[in-house]
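The values are calculated or read from the model by the stated rules, or taken from the named source; none is laboratory data. Note that the structure is predicted; figures quoted are calculated from it, not measured. Here the Cβ is made from the backbone with ideal geometry for all residues, glycine too, and neighbour counts use every protein chain on show. Ligands, DNA and RNA are excluded from the accessible area calculation, which covers all protein heavy atoms including side chains. Shrake-Rupley method; radii C 1.70, N 1.55, O 1.52, S 1.80 Å.
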Amino acid sequence: MLPDLVTAIPGPKSLALAEKLRKYESHNVTYVADDWPIFWDRADGTNIWDADGNRFIDLTSAFGVAGLGHTHRPLRDAMVAQSEKLIHAMGDVHPTELKVEVCKLLSEMTFERWGLGCGKTVLSNSGSEAVETALKTAYVATGKPGIISFVNGYHGLGYGALLGGGFTKFREPFNAQLADLRTVLQYPRSEEKLNSVRDELSQVDSTKIGALLVEPIQGRGGKIVPPASFLKLLRAWCDDNDVILIFDEIYTGFNRTGKLFACEWEEVYPDLICLGKAMSGGYPISACVGKVEVMDKWPVSPGEALHTSTYLGNPVGCAMAIEALKIHREPSLAEDVLKQGEELIVMLKDIESHYIHEVRGRGMMIGIELHHKNGEPAGDVAAKILSEMLAEGIIMLADGPNGNILAFTPPFHMKLGEMVFVVEQLRKLLASS
Ligand SMILES: Cc1ncc(COP(=O)(O)O)c(C=O)c1O
């Protein structure tokens, strides 16, 4: 459905809620300005309704979570049915059958599908925690604390995840409390840059490096698709140097890029894969899945796990994840996403604006990089476009360290009319910027 705005944006209720929030929430959390935010009330498919009754089109899938669409019926039904039976159990003590099923499905959809034997899982609640599990696992498996990561790699904001984070602005305020274990390499955008990665890797003292942490396509870093042999290069280097290769597919996983997992584009597989976001379509659940021989380096639990949490394997999250995983494993979904992404990218490439430096992406993970005429990143223009789009009934975000990449990660089944509307609004706003 196209947007249906019954008030100016933000409407009176959103404005009043923003005022209240200013009083009660830490002011570092929600960005509040005259034209931002709206307060979500309900959602269906690609549409969001706010507290004032305005209807929006969501180009974000709420941070990539609602790929299958907001309030997707099968997921909602699984959640409701499970909540009537059991909403919490004892994840690492007396768990549920649902947890067993999630771990089995994740194994089947990753390492077993890739012909690499069984995969073993540690569940958690957020993406950041899945990354922390992976970093700990790599250390347990190799005894080497060092981490290779990439400039503008985003892996979450917990202290553990920040150990491998590549966004300076998130790390810097806390540097004094973070061990510097990283060797940070440039994330390559071209074949040429791949040679620099090769050179940099050849100079790394691998006797200290246990983990290489990378997104197969950089998400928050700016929707950057690396050259074809990048992941192959990393796989070979890790194999030669006894380093655990970790793919952070928290954003790219579950069909977002038009393959079940983005690494499948290159047919290169990790030792550990981090998953989250779309895994349940809305309940906080995440996973680190690893090759058996790596995961089995953890000592067997003597009754107290070294790495767990209160909500690990929560039954409601698992019930939703089971439904979501079953939908995601149908190959036709990846084909749909690919087709939709191709349509959308063609339409976006047709927009003429001197601000547009590049339109890129894979599947339904697309970015438009905006530059000023002098080549400077146009984060200011992107920010203006975001609030103008919101005022037109379109929810979107920008990525990249300069905030100059307009991001398109909508729910997978956008209607053609919605795409046309979004593209026309963007064309109009860029023309008047
Ligand atoms: C690639 C990637 N890894 C990790 C995270 C962190 O996930 P969470 O915010 O659930 O901790 C994100 C979140 O955007 C992400 O995009």
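The figures follow:
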read-out	value
Residues being in contact (Cβ under 8 Å) with a residue 40 or more places away in the chain, touching a Lys or Arg at 6+ places or on another chain (Cβ under 9 Å) and assigned to a helix (DSSP H, G or I) - total across the range 331-351	4
Neighbours by Cβ (under 8 Å, 6+ apart or cross-chain): first from the range 142-154, within 16 Å of the ligand (Cβ to nearest atom); second open to solvent by less than 30 Å² (accessible area, probe 1.4 Å) and of a type in the set (Ser, Thr, Tyr)	150/187; 151/187; 152/187; 153/187
Residues being open to solvent by 20 Å² or more (accessible area, probe 1.4 Å), assigned to a loop (DSSP other than H, G, I, E, B) and at pLDDT 95 or above - total across the range 191-230	6
Looking only at the range 352-394, and only at residues there that are at positive phi and part of a loop (DSSP other than H, G, I, E, B), the one that is nearest to the chain's Cα centre (by Cα)	363
Residue match in the range 250-265 (condition: in a strand (DSSP E or B), away from the ligand (no atom under 11 Å from the Cβ) and in contact with a Phe, Trp or Tyr (Cβ under 6 Å, 6 or more places away or on another chain))	no
Leading residue by the ranking (nearest to the ligand (Cβ to nearest atom)) among those in the range 131-141 that are open to solvent by 20 Å² or more (accessible area, probe 1.4 Å) and over 19 Å from residue 219 (Cβ atoms)	136
Answer residue from the range 251-308, given it is open to solvent by 20 Å² or more (accessible area, probe 1.4 Å) and among the aliphatic types (A, V, I, L, M) and is farthest from the chain's Cα centre (by Cα) among those	300
Conditions (1) within 16 Å of the ligand (Cβ to nearest atom); (2) modelled with pLDDT under 95; number of the one not met by residue 180	(1)
Single unsatisfied condition, residue 165 versus (1) within 12 Å of the ligand (Cβ to nearest atom); (2) touching a residue at least 24 places away in the same chain (Cβ under 8 Å); (3) within 25 Å of residue 402 (Cβ to Cβ)	(2)
Test for residue 412: is it of a type in the set (Phe, Trp, Tyr), part of a helix (DSSP H, G or I) and at pLDDT 95 or above	no
Pairs where the first residue, in the range 286-300, is closer than 18 Å to residue 113 by Cβ and in the same structural domain as residue 100 (by TED's automatic domain parsing) and the second is of a type in the set (Asp, Glu) and not in a loop (DSSP other than H, G, I, E, B), C-beta under 9 Å, 6+ apart	288/129; 288/132
Residue in the range 112-124 that is within 16 Å of the ligand (Cβ to nearest atom), under 25 Å from the mean Cα position of the chain (by Cα) and farther than 17 Å from residue 270 by Cβ present	yes
Condition broken by residue 233, with the remaining ones in (1) in contact with a strand residue (DSSP E or B) (Cβ under 8 Å, 6 or more places away or on another chain); (2) without any contact (Cβ under 8 Å) to a residue 40 or more places away in the chain; (3) open to solvent by 10 Å² or more (accessible area, probe 1.4 Å) satisfied	(1)
Scope the range 267-324; condition part of a loop (DSSP other than H, G, I, E, B), farther than 30 Å from residue 231 by Cα and within 16 Å of the ligand (Cβ to nearest atom); matching residues	283, 309, 311, 312, 314
Hits in the range 204-224 - residues which are touching a strand residue (DSSP E or B) at 6+ places or on another chain (Cβ under 7 Å) and away from the ligand (no atom under 14 Å from the Cβ)	204, 208, 209, 210, 211, 212
Residue in the range 142-150 that is farther than 14 Å from residue 269 by Cβ, among the aliphatic types (A, V, I, L, M) and crowded, with 24+ Cβ neighbours inside 10 Å present	yes
